[in-house]
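Any read-out appearing in this document is the output of simple, stated calculations on the displayed coordinates, not a laboratory observation. On a predicted model such as this, the values are computed, not experimentally measured, just so you know. Cβ placement follows ideal geometry from the backbone for every residue including glycine, while neighbour counts extend to all protein chains displayed.
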Amino acid sequence: MSVTIGINGFGRIGRSLARIVAASPDLGVSIAAVNDLASTEKMAYGLRRDSIRGAFPGTVTARADHLVVNDHAIRAFHHERPERIPWADAGVDVVVEATGRFRAGTLARTHITHGGARKVVISASADEPDAFLMFGANHTTYDPEQHDVVSPGSCGVNALTVMAKVLLDRFGLHSVNTSVVLATQGWQKAQDSVIGTSREDPRLGRATGESIIPHNYVVGDLVRVALPEIGEMRYSYYCVPTPIGSLAELSGTTDRPVSVEEVNRAMAEAAAGPLRRVLAYDPDPTVSIDVKNNPASCLFDPSGTQTTADGGVKVRGWFDNEWGFSNRLLDLARLVGERTPAPMTSRRMSWSIA
Ligand SMILES: NC(=O)c1ccc[n+]([C@@H]2O[C@H](COP(=O)([O-])OP(=O)(O)OC[C@H]3O[C@@H](n4cnc5c(N)ncnc54)[C@H](OP(=O)(O)O)[C@@H]3O)[C@@H](O)[C@H]2O)c1
């Protein structure tokens with residue numbers, strides 16, 4: 001069965017979704033409509049040319065009120081208010097809300113109440129969605145009767161959650177401390193603009209190419225939504241001037257002392273087996289750019305593993321903050337788009353998601 005989606009916001013994430021869908025005819029997702037403030041011609045240009053991904057491998061043109069991608073016509077809308085977008089008229093079932101402006105569950109729900117869509121996936125750690133569903137950790141808790149507006153958290157949350165899931169299930173895990181180092185985002189400023197930034201912390205308006213900028217984003221709470229057994233968590237978050245490719249590190253204490261080899265073997269087994277859609281493993285020495293275009297939530301780096309004799313453990317993973325996360329958005333769109341989902345399985349059963 002194919003799920004028909006609409007995309008609100010044709011920016012970094014919106015266009016990544018379009019590229020992934022165009023490149024994956026067997027994915028079971030088709031795009032019926034996109035909405036952005038930009039003209040259809042600009043949308044087409046943005047998909048054809050990309051400084052990070054390169055030229056679009058196919059054809060993209062603007063024709064009247066449609067974006068035509070490899071002969072597939074996608075209805076293009078240009079509404080600022082979400083409640084004005086006639087998704088149902090375009091045949092859209094699931095909306096991916098990717099403007100970054102309508103993160104609140106109440107606002108995103110207008111795609112259903114006004115636009116006629118059936119479900120909404122918010123491309124961010126939303127405010128009060130019906131559920132946060134992190135693939136590979138708690139997505140099997142999806143309840144089609146209760147959950148109409150869902151969120152996968154953020155790219156960093158997904159990278160951390162996957163590594164935490166393996167450690168928790170194999171060795172037990174508590175006293176967790178995490179760091180995320182995130183590539184440049186579109187909302188950051190090329191020059192200092194501390195007055196102009198809409199963010200509360202004035203540091204987030206500082207010139208992105210000049211500094212490592214701390215961000216007070218609370219990733220820990222969402223990792224614990226997926227894996228409450230972890231208990232208390234601490235977290236740090238930094239924005240850096242690389243254009244793509246981000247880093248997640250997680251340290252904590254296991255129930256018994258473990259060796260570096262045991263930890264790496266557990267990650268390799270999970271990546272080759274039950275978690276292969278969301279966890280990748282690369283024994284080659286890697287740097288952040290090597291993760292570009294990797295569809296996993298986390299590319300585990302075994303050279304980063306450290307352990308201590310009293311059960312301390314530290315692990316490192318890379319993630320393509322756009323591509324990996326966009327793949328998870330599509331996974332979620334398929335999950336909520338299914339009209340007759342498979343029977344619910346237990347949290348433990350979520351080991352089998354490949
Ligand atoms: N980029 C990442 O690595 C990443 C990773 C994970 C999650 N996210 C999340 O995904 C969301 C989108 O991020 P992004 O990086 O794709 O941002 P982006 O590149 O700025 O894309 C947002 C797009 O939405 C458009 N837009 C703004 N207001 C709109 C409105 N009212 N109606 C329709 N379109 C509107 C923007 O147009 P203008 O440019 O004209 O404003 C832009 O084209 C954010 O919540 C972000 O936190 C991003």
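Per-structure values
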| quantity | calculated |
| --- | --- |
| Formal net charge of residues neighbouring Pro82 (Cβ-Cβ distance under 13 Å; K, R +1; D, E -1) | +1 |
| Val162, Val176 arranged by Cβ crowding within 10 Å, fewest neighbours leading | Val176, Val162 |
| Under the Karplus curve 6.51 cos²θ - 1.76 cosθ + 1.60, θ = phi - 60°, whole-Hz ³J(HN,Hα) for the stretch 26-33, x wherever Gly or Pro sits | 8, 5, x, 10, 10, 9, 9, 7 |
| In degrees, nearest ten, helix 12-23 long axis to first principal axis of the chain (Cα) | 80 degrees |
| DSSP bridge orientation in the stretch 3-129 - percent antiparallel, rounded to nearest 5 | 30 percent |
| Space enclosed by the convex hull of the alpha-carbon atoms of the stretch 205-267, per residue, Å³ | 136 Å³ |
| Tilt relative to the chain, helix 323-337 - C-alpha long axis, 0 to 90 degrees, to 10 | 70 degrees |
| For the chain: relative contact order, % (alpha-carbon pairs under 8 angstrom, 6 or more apart) | 17 percent |
| Extension reserve of the Met1-Thr308 stretch, reckoned as 0.36 nm per residue once the Cα distance is removed | 105.7 nm |
| Square roots of 5 times each gyration tensor eigenvalue, C-alpha, the chain, largest first, Å | 33, 23, 19 |
| MRE, 222 nm, helices only [DSSP H, n ≥ 4, -39500 (n - 2.57), over the chain, to nearest 500] | -6500 deg cm²/dmol |
| Exposure proxy order (Cβ contacts within 10 Å, fewest to most) of Ser198, Ser154, Ser24 | Ser198, Ser24, Ser154 |
| Per-residue Cβ neighbour rank within 10 angstrom, fewest leading, Lys165, Lys292, Lys42 | Lys42, Lys292, Lys165 |
| Length released on extending from Ser51 to Ser198, taking residue separation times 0.36 nm less the Cα-Cα span | 50.4 nm |
| Reference-scaled alpha-carbon Rg (2.2 N^0.38 Å with N residues) for the stretch 1-141 | 1.01 |
| Alpha carbon Rg of the stretch 224-301, scaled by the compact-globule rule 2.2 N^0.38 Å | 1.23 |
| DSSP bridge pairs, the chain: antiparallel proportion in percent, nearest 5 | 45 percent |
| Potential extension, Val260-Asp65 segment - 0.36 nm per residue separation minus Cα distance | 64.6 nm |
| The chain: angle of helix 260-272 to the longest principal axis, Cα-based, in degrees nearest 10 | 30 degrees |
| Cα-projected label distance for Arg234 with Ala23, points at 7 Å along beta-carbon direction, nm | 3.9 nm |
